[in-house]
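A.B. asks: The structure under discussion is supplied below as structure tokens; questions concerning it will follow.
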Amino acid sequence: MKVIVLGAGIVGVTSAYQLAKAGHEVTVVDRQPGPALETSFANAGEVSFGYCSPWAAPGIPMKAMKWLFMKHAPLILRPKLDMAMLSWMARMLSNCTSERYAINKSRMLRLADYSRIALADLRAETGIAYDERMQGTLQLFRTEQQLDASAKDVKALAADGIPYEVLDRDGCIRFEPALRHVRDKIVGGLLTPKDETGDCFKFTNALAAKAEALGVRFAYGTTIKALDVEAGQVRGVITDRERMSAEAVVVALGSYSPLLLEPLGIRLPVYPVKGYSLTIPITDASRAPESTVMDETYKIAITRLGDRIRVGGMAEISGYTNDLGLARRSTLEYSVTDLFPGGDISRASFWSGLRPMTPDGTPVIGGTKIAGLFLNTGHGTLGWTMSTGSARLIADLVSGGQPEIDAKDLAISRYG
């Protein structure tokens, strides 16, 4: 079939690659001049197959109230008269129960573990390099209360057969030797050893080149105006340059997906949650992390990417704004210098991106009420982690095949 993929971020490019492998004639459309130039550009760099949890969790409403008054808060809320924001927040709060958390985390772990396999397969077949490491993620606890609260995550990991290890202070330092300089600031950690790290931008660009070799056409610098739908069937895409015909369309536009779908009566509960990152050159490897350290107090990931450190995190709910607030930079600098002192943050580059979040934390993957129209979006902070598995799923669904894992509860129909 002729298939158009909307979006050239990590999710769109992996989807295009798998669709081309399945034999389809694929075109990718994106407003940017190249791949991975928005949310996929400078994300935290963690590929978190085990450290994979919904933001909507028991206790989050109370924590959120406290965070709003913290100097270095992991959550920043800038409320406005925006019905989409208010509806999304209400739905997220309804998912902050133990029952919903267990269901949502299980979905996420299922897709993440499938993505782990898919990424290994893709790496083997393409040989692409992207500053990758396979050394795990250490969720680092500064208080006994945080360590005790990790029991719910341990339970979920055990239930889904995901390897993990609960570490004391010395165990954390064995895993990340540079933490010996700040041993009195930590009490323990949760290690998920199957997690990986890597530069999402490098990976996406390398895979886009492989996709082009398979015949995928990339229409960069092209603004998507609307979907062309006739008699309940998608017919193509209308852009600022031309009308492009297709038998199937995959929407992988991240936070912008709902705006394209709303005129068709499709209510997709995805809302932008802004994240920030610093990229810092390593000046002393003995004081840098070996893999990913997740600072649980500030919800900030500190990741080794070759000769750089990527520091990413925070969740700012402020709509479709992409400004760079100096207070957010201060939080990133505080976390990384507090745990890994001695780096040269004066040489850091500062970035922000809009993560497409669903209220339950689970992406939306599958068909819609319009024949031939498919969604692969809403991955939130885990687009890099879940991209390869999501791409396999969408390729199977577009092709009319049977997915290798259960995907029914990932579809938009779960929202009623």
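The values are calculated or read from the model by the stated rules, or taken from the named source; none is laboratory data. Being a predicted model, the structure only gives us computed values, none of them experimental. As a convention, Cβ positions derive from the backbone with ideal geometry for all residues, glycine included, and neighbour counts pool all protein chains shown. These area figures cover heavy atoms from the full protein model, side chains too; ligands, DNA and RNA do not enter into them. Shrake-Rupley method; radii C 1.70, N 1.55, O 1.52, S 1.80 Å.
A.B. asks: Quick one: which residues, 5 or more positions from residue 351 or on another chain, have an amide H under 5 Å from its amide H? H modelled 1.01 Å from N in the peptide plane, none for Pro or chain starts.
C.D. replies: For residue 351, the qualifying residues are 277.
A.B. asks: Can you compute 3J(HN,Hα) from phi for each residue in the range 78-90, using the Karplus curve 6.51 cos²θ - 1.76 cosθ + 1.60 with θ = phi - 60°, rounded to whole Hz and x for Gly and Pro?
C.D. replies: 10, x, 8, 7, 10, 4, 5, 5, 5, 5, 5, 5, 5
A.B. asks: About its Cα centre, what dipole magnitude does the chain give when the only charges are +1 on Lys and Arg Cβ and -1 on Asp and Glu Cβ, stated in debye to the nearest 20?
C.D. replies: Values: 47 positive and 45 negative charges, 146 e Å.
About 700 debye.
A.B. asks: Averaged per residue, what accessible area in Å² does the range 159-273 show with a 1.4 Å probe, protein chains only?
C.D. replies: In whole numbers, the range 159-273 has 44 Å² accessible per residue.
A.B. asks: With a cap of 16 neighbouring Cβ atoms within 10 Å, and only residues DSSP puts in a loop, list the trypsin sites (Lys or Arg not before Pro) found in the range 198-274.
C.D. replies: Numbers: sites: 202, 210, 217, 225, 235, 241, 243, 267, 274; in loops: 241, 267.
Listed in order of number, the matching sites are 241, 267.
A.B. asks: Go ahead and set up a Gaussian network model of the chain, Cα springs under 10 Å, then flag whichever of 13, 166, 398 fluctuates most.
C.D. replies: 166
A.B. asks: So, one more: Got a sec to turn the phi values of the range 24-31 into Karplus ³J(HN,Hα) couplings, 6.51 cos²θ - 1.76 cosθ + 1.60 with θ = phi - 60°, whole Hz, x for Gly and Pro?
C.D. replies: 7, 8, 10, 10, 10, 10, 8, 6
A.B. asks: For percent of Cα pairs over 28 Å apart, several values are listed as (1) 57; (2) 54; (3) 44; flag the one computed from this structure.
C.D. replies: Here the calculated entry is (3).
A.B. asks: In terms of modelled amide H atoms, which long-range or inter-chain residues lie less than 5 Å from the amide H of residue 309?
C.D. replies: Amide H neighbours of residue 309, under 5 Å, 5+ apart: 280, 282.
A.B. asks: Sticking with this structure for a sec: Based on DSSP loop calls and a cut-off of at most 13 other Cβ atoms within 10 Å, the longest stretch of the chain free of exposed GluC sites (Glu not before Pro) is what?
C.D. replies: Here the longest segment lacking exposed loop sites spans 1-241.
A.B. asks: Computing the accessible area with a 1.4 Å probe over protein heavy atoms, can you report the carbon and sulfur percentage for the range 337-402? Walk me through the numbers on the way to the answer.
C.D. replies: Working: 850 of 1780 Å².
Of the solvent-accessible surface of the range 337-402, carbon and sulfur hold 48 percent.
A.B. asks: Right, another one. Report the residue, chosen from 188, 34, 275, that carries the largest GNM mean-square fluctuation when the chain is represented by alpha-carbon nodes joined by springs under 10 Å.
C.D. replies: Result: 34 has the largest fluctuation of those listed.
A.B. asks: Give the residue list of trypsin sites (Lys or Arg not before Pro) in the range 76-154 that are DSSP loop and have at most 11 other beta-carbon atoms within 10 angstrom.
C.D. replies: Those satisfying the criteria are 80.
A.B. asks: In addition: What full-extension length gain, to one decimal in nm, is calculated for residue 240 and residue 290 as 0.36 nm per residue of separation minus the Cα-Cα distance?
C.D. replies: Extending this stretch completely gives an extra 13.4 nm.
A.B. asks: In Å and on Cα atoms, what radius of gyration and Dmax does the range 151-221 show?
C.D. replies: Cα-based Rg and Dmax for the range 151-221 come out at 19.6, 55 Å.
A.B. asks: Under 16 Å Cα-Cα from residue 71, which lysines qualify once same-chain neighbours fewer than 8 residues away are excluded?
C.D. replies: 63, 299
A.B. asks: Could you tell me what fraction of 2.2 N^0.38 Å the Cα radius of gyration of the range 26-150 comes to, as a two-decimal ratio? Don't skip to the answer; put the middle values down first.
C.D. replies: Details: Rg = 18.4 Å, N = 125, 2.2 N^0.38 = 13.8 Å.
For the range 26-150, the normalised Cα radius of gyration comes out at 1.33.
A.B. asks: Continuing with this model, one more query. HN-Hα J couplings of the range 168-175 from phi, Karplus 6.51/-1.76/1.60, θ = phi - 60°, integer Hz, Gly and Pro as x?
C.D. replies: 8, 4, 5, x, 4, 6, 4, 6
A.B. asks: Still on this model: Return the single residue from 69, 340, 175 with maximal mean-square fluctuation; model: Gaussian network over the chain, springs between Cα atoms under 10 Å.
C.D. replies: 69
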